[in-house]
Amino acid sequence: MECIFCKIVKGEIPSKKVLENENFLAFHDINPIAPIHILIIPKEHFENFSDTPKETFAKMSDFIKAVAKELDISDYRLITNNGKNAGQEVFHLHIHMIANPGEKLKWPKLV
Ligand code: AMP
């Protein structure tokens, strides 16, 4: 069965998009833990951080900054859960971008 985020990339499952380019997509987490909770993914399927080539991360870095600009936020937290025991539930690399604009970010559980 195809992965859920690959289906989002193909438009087979709806998502609330923030930004997209040829290689990456940013969309709202369906179950936000903070006022801003975005998932940033490569369109190509990699299981997680361990599985992702550094060249992809180099490009993703610029895209992440563009997402922050799009959202007009300067302060945010980036998290990626790498593996089941780290809390990973969807096995398609995603970076959580979490923010609470104008206020100190706090939340009780780590994603
Ligand atoms: P992780 O636990 O790091 O694998 O995070 C997976 C995240 O994907 C969770 O925060 C979920 O709320 C989110 N998620 C799962 N399905 C969807 C979906 N269809 N659209 C948006 N976010 C989703």
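Before moving on, here are some points about what is shown:
- When ILE13 is tested against (1) over 26 Å from ASN85 (Cα atoms); (2) surrounded by 11 or more Cβ atoms within 10 Å (Cβ to Cβ); (3) within 14 Å of the chain's Cα centre (by Cα), exactly one condition is not met: (3).
- Identity of the residue in the range 25-35, among the aliphatic types (A, V, I, L, M) and part of a strand (DSSP E or B), that ends up surrounded by the most Cβ atoms within 10 Å (Cβ to Cβ): ALA26
- Taken together, the residues in the range 1-24 that are outside any loop (DSSP other than H, G, I, E, B) and either within 10 Å of the ligand (Cβ to nearest atom) or touching a Ser or Thr at 6+ places or on another chain (Cβ under 8 Å) (or both) amount to 4.
- Filter pass, ALA86 being at pLDDT below 95 and aliphatic (A, V, I, L, M): yes
- Taken as a whole, the condition of being within 11 Å of the ligand (Cβ to nearest atom) and either more than 16 Å from VAL9 (Cα to Cα) or in contact with a Gly (Cβ under 9 Å, 6 or more places away or on another chain) (or both) does not apply to ASN85.
- Residues that are near the ligand (Cβ under 10 Å from one of its atoms) and more than 14 Å from SER61 (Cα to Cα), drawn from the range 25-46: PHE27, HIS28, ASP29, ILE30, ASN31, PRO32, ILE33, HIS37, ILE38
- Any hit, the range 63-75, residues being within 16 Å of the ligand (Cβ to nearest atom), free of Cβ contacts under 8 Å to residues at least 40 places away in the same chain and surrounded by 14 or more Cβ atoms within 10 Å (Cβ to Cβ): yes
The values are calculated or read from the model by the stated rules, or taken from the named source; none is laboratory data. Note that the structure is a prediction, hence the values are computed from the model and not measured. Note that each Cβ is placed from the backbone with ideal geometry, even for glycine, and that neighbours are counted across all protein chains shown.
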